[in-house]
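S.K.: Mind having a look at this structure? Questions to follow.
All of the numbers you see were taken from the coordinates with simple rules; none came from a lab. This is a predicted model, so every value here is computed, not measured. Reconstructed Cβ throughout: ideal geometry from the backbone, glycine too, with neighbour counts over all protein chains shown.
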Amino acid sequence: MHLLSIQPEGDKDLFDNISNTFVRPEVSKLVEAEKVIAAGGGVLVHCTHGQDRTGLVIGIHRVMHEHMSKDNAYHEMVENHFHPELHGLHEFWENFDGTLSAVTLK
């Protein structure tokens, strides 16, 4: 089993520091999460609330490995309660062009 936290400090429980929910995720953590998912063998992805970082990680995987369009992946994320108002996560998604290496440059 592989445990990887992509949550910033202060955003680890239901009574989190709301300002930390607006933080952009660390690309290195998303790269590591993507490698674990791509390796297969069954993966459970979950964040504190099960919506936003979870949606981002799965959305990235769906685009990169399942060849889902970015628009369709985003609609799936929103249908599963991704919150676009979390600016750091939404900004990351907006800059995501299908590869994680390109996001690191922006």
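S.K.: Hey, could you get me the Stokes-Einstein D for segment 48-106, Kirkwood radius over alpha-carbon pairs, 25 °C and 0.890 mPa s, rounded to whole µm² s⁻¹?
M.R.: My calculation gives 216 µm²/s for D.
S.K.: Provide the packing ranking of 30-36, 58-64, i.e. peptides ordered by the mean count of other C-beta atoms within 10 Å per residue, highest first.
M.R.: 58-64, 30-36
S.K.: Based on the mean of other beta carbon atoms within 10 Å per residue, what is the order of 70-79, 37-46, most packed first?
M.R.: With the highest mean Cβ count within 10 Å placed first, the list reads 70-79, 37-46.
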